[in-house]
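Colleague: What follows is a single structure, and I will ask about it in a moment.
The values are calculated or read from the model by the stated rules, or taken from the named source; none is laboratory data. This one's a predicted model, so the numbers in the text were calculated from it and none came from an experiment. Positions of Cβ are generated from backbone atoms using ideal geometry, with glycine treated the same way; all protein chains shown enter the neighbour counts.
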Amino acid sequence: MKIVVCIKQVPATNDAKIDPETKRIIRKGIKAILNPFDTYAVEEGVQLRDKFGGEVIVLSMGPPKAEASLREAISVGIDRAILLSDRAFGGSDTWATSYTLAKAIKKIGDVDLVICGKQAIDGDTAQVGPGIAAHLDWLQATYVMAVEEISSSSIRVKRMHEDGYDICEMSLPAVITVVKDINTPRVPSLKGRLASNKCEIPVWKPDDIGADISKIGLDGSPTRVVKTQPPPPRHTNTKKIEGSSIECAQSLLRELRLRSVI
Amino acid sequence: MINHIKNKIYHVEVLPPKQDSEKLEKDLEIFSNKYLRVMNSGYCVCITDNTMGLLSFQGTEMIEELDLPVIPNQVMIHLNTFHTKDNLDNILDICKLKGIRYLLIITGDGSERLPKLRPSDVGATDVESVTSVELLKYINRKYPDTFVLGVAFNPYEPEEHELKKMERKIKAGATFIITQPLIERNEVVDRLLEKYPKIPIFVEAWMSKKLYLLSEAVGYEIPENSEFDPISTLKMLHKLYPGCGVYLSLLGFKTQYHLIKDTWV
């Protein structure tokens, strides 16, 4: 089985500022990390490879420094990594990004399964996974909380939603996006980290994946950000409980009961 | 562990490199040099486990990968509850294999990226989450007579609660105690000493000048003192607690290490 895991390097903070001119996140001076949701996708890829054999490849589009996130994925057991990096990819929205990733997946060839995190913490759109499936014209299942069964031709997954879960069976190749409940990502070992520092990571350009230049980067991005503004502040109703520890506990109990919490 | 007090063997904390280190090779070299220096001094090197929830490499993998020598009496590994079961068993197996006997068992600090042991992982059926108590019981059950297990004592927590917790830890198999850092006499520690006269107790000496870091570590505000001198404080702790061992945290290897040689007299 050949599995591709798509990952993104994101700013290591949820307090990122927006450039008022470009309406884009100001990334300068902010530490970059592997998108936390993607760590579950990486772990799932490694676990499926360990169980069923084959190869798991990690793929990312981003600036050269995104290589660090690819190395992090290698340090927990991914077989190899590919970075899509070129100025022409800059400014891509989710449509152009998913087009680019889909072209790279086609170039890799014979891929059975693509795994993505449910969303990236910077854009929070959750569109790239489904976008890849649309560009490849493959079946997809989003918000996957468990891979129940997998064979050479099909996959059965449990999809989480607000009122419970769905069981979906799809033929392969397919795309899934995964949620936190799917596994516990392993922490990189020192051996893995040292090995990841030594491996070669090829960098693919638009020509390498046969991308139509009009469909990538800013030109290929139909999204227009017209306006951004911070969300209104949340109003919290804080009540301070004072007294001895026993009095405080009694008051807290009373308050929780009044609110039917317990 | 009592021999560490009798023979004036300092416990010297050494922090392994962080997972996100951008200069890992250099950090590994620094760690290795510190480890060997402590060993060569005859002290006990104490390797932390993801302090403050910050992802770092494990002490056991550092020793294995860097091929560091293990003198059983001179190595202590911290072990907390933020591991997967496989990872925990792997650490304990390596400790056994390498002859590492001293383990400091703590509940520890978690973070988004750190997995947490589940009660079923350690065979605990009567709790909702794993603490140092359940971990102690598990290690003693799975590896009988293999390790010497110690626990932490926090005199900055409510005393009654902390002493009761200590009773559970001792019952679960802890045979030595290390306190949170002290910078002066502490009445709660005095009462701990009265309560457990036969258990080796090590007071932690805060060797950094930055007291605000201590506040962050213990979770309570420690008044800033511009006059704070770690070496003088260390000497004072020896006088105040002559029957205790001393654990040195955040020791400056360049600026302080040579000064501790004659402080424990």
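Colleague: When only residues in segment A:147-179 that are within 22 Å of residue B:115 (Cβ to Cβ) and in contact with a helix residue (DSSP H, G or I) (Cβ under 6 Å, 6 or more places away or on another chain) count, which is surrounded by the fewest Cβ atoms within 10 Å (Cβ to Cβ)?
Modeller: The qualifying residue surrounded by the fewest Cβ atoms within 10 Å (Cβ to Cβ) is A:177.
Colleague: To continue, here is another question. Within segment A:168-182, which residues are of a type in the set (Ser, Thr, Tyr) and either under 26 Å from residue A:36 (Cβ atoms) or modelled with pLDDT under 95 (or both)?
Modeller: Our first condition is that a residue be of a type in the set (Ser, Thr, Tyr); within segment A:168-182, this holds for A:171, A:177.
Residue satisfying the conditions is A:177 alone.
Colleague: I've got another one for you. Which residue pairs have Cβ atoms under 8 Å apart, sit 6 or more places apart or on different chains, and have a first residue in segment A:194-208 that is farther than 11 Å from residue A:100 by Cα and a second that is surrounded by fewer than 12 Cβ atoms within 10 Å (Cβ to Cβ)?
Modeller: Cβ pairs passing all conditions: A:203/A:64.
Colleague: Specify the residue that is nearest to the other protein chains (Cβ to nearest Cβ); the eligible residues are those in segment A:171-202 that are part of a helix (DSSP H, G or I) and among the polar types (S, T, N, Q).
Modeller: Start the filter on segment A:171-202 by keeping residues that are part of a helix (DSSP H, G or I), which leaves A:180-182, A:190-198.
Checking which are among the polar types (S, T, N, Q) leaves us with A:196-197.
Values: A:196: 10, A:197: 7 Å.
So, considering only residues that are part of a helix (DSSP H, G or I) and among the polar types (S, T, N, Q), the one nearest to the other protein chains (Cβ to nearest Cβ) is A:197.
Colleague: Restricting to segment B:27-78, count the residues that are more than 16 Å from the chain's Cα centre (by Cα), assigned to a loop (DSSP other than H, G, I, E, B) and among the β-branched types (Val, Ile, Thr).
Modeller: Residues that pass the stated criteria total 2.
Colleague: Please enumerate the residues belonging to segment B:237-255 that are touching a residue at least 12 places away in the same chain (Cβ under 8 Å) and farther than 24 Å from residue B:200 by Cβ. Working first, answer last.
Modeller: Keep residues of segment B:237-255 that are touching a residue at least 12 places away in the same chain (Cβ under 8 Å), which gives B:237-238, B:240-241, B:243-253.
The answer is B:252, B:253.
Colleague: From the set of residues in segment A:135-146 that are at negative phi and of a type outside the set (Gly, Ala, Ser), which is surrounded by the most Cβ atoms within 10 Å (Cβ to Cβ)?
Modeller: Looking at the filtered set, the residue picked out is A:144.
Colleague: Evaluate the following for residue B:50: is it of a type outside the set (Val, Ile, Thr), surrounded by 15 or more Cβ atoms within 10 Å (Cβ to Cβ) and within 11 Å of another protein chain (Cβ to nearest Cβ)? Full working, then the answer.
Modeller: Values: of a type outside the set (Val, Ile, Thr): yes; surrounded by 15 or more Cβ atoms within 10 Å (Cβ to Cβ): yes; within 11 Å of another protein chain (Cβ to nearest Cβ): yes.
Judged against the criteria, residue B:50 is a match.
Colleague: Residue A:159 is checked against (1) more than 14 Å from chain B (Cβ to nearest Cβ); (2) of a type outside the set (Asp, Glu); (3) part of a loop (DSSP other than H, G, I, E, B) and fails just one. What number does that condition carry?
Modeller: So residue A:159 meets the others, but not (3).
Colleague: Provide a single number: the residues in segment B:82-117 that are of a type in the set (Ser, Thr, Tyr) and within 14 Å of chain A (Cβ to nearest Cβ).
Modeller: Kept after step one, since they are of a type in the set (Ser, Thr, Tyr), are these residues of segment B:82-117: B:84, B:102, B:107, B:111.
Filter again for within 14 Å of chain A (Cβ to nearest Cβ), leaving B:84, B:111.
The total comes to 2.
Colleague: Further question: Which condition from (1) out of contact with any strand residue (DSSP E or B) (no Cβ under 7 Å at 6 or more places or on another chain); (2) touching a residue at least 60 places away in the same chain (Cβ under 8 Å); (3) not aromatic (Phe, Trp, Tyr) is the one that residue B:148 breaks?
Modeller: Among (1) out of contact with any strand residue (DSSP E or B) (no Cβ under 7 Å at 6 or more places or on another chain); (2) touching a residue at least 60 places away in the same chain (Cβ under 8 Å); (3) not aromatic (Phe, Trp, Tyr), the lone unmet condition for residue B:148 is (1).
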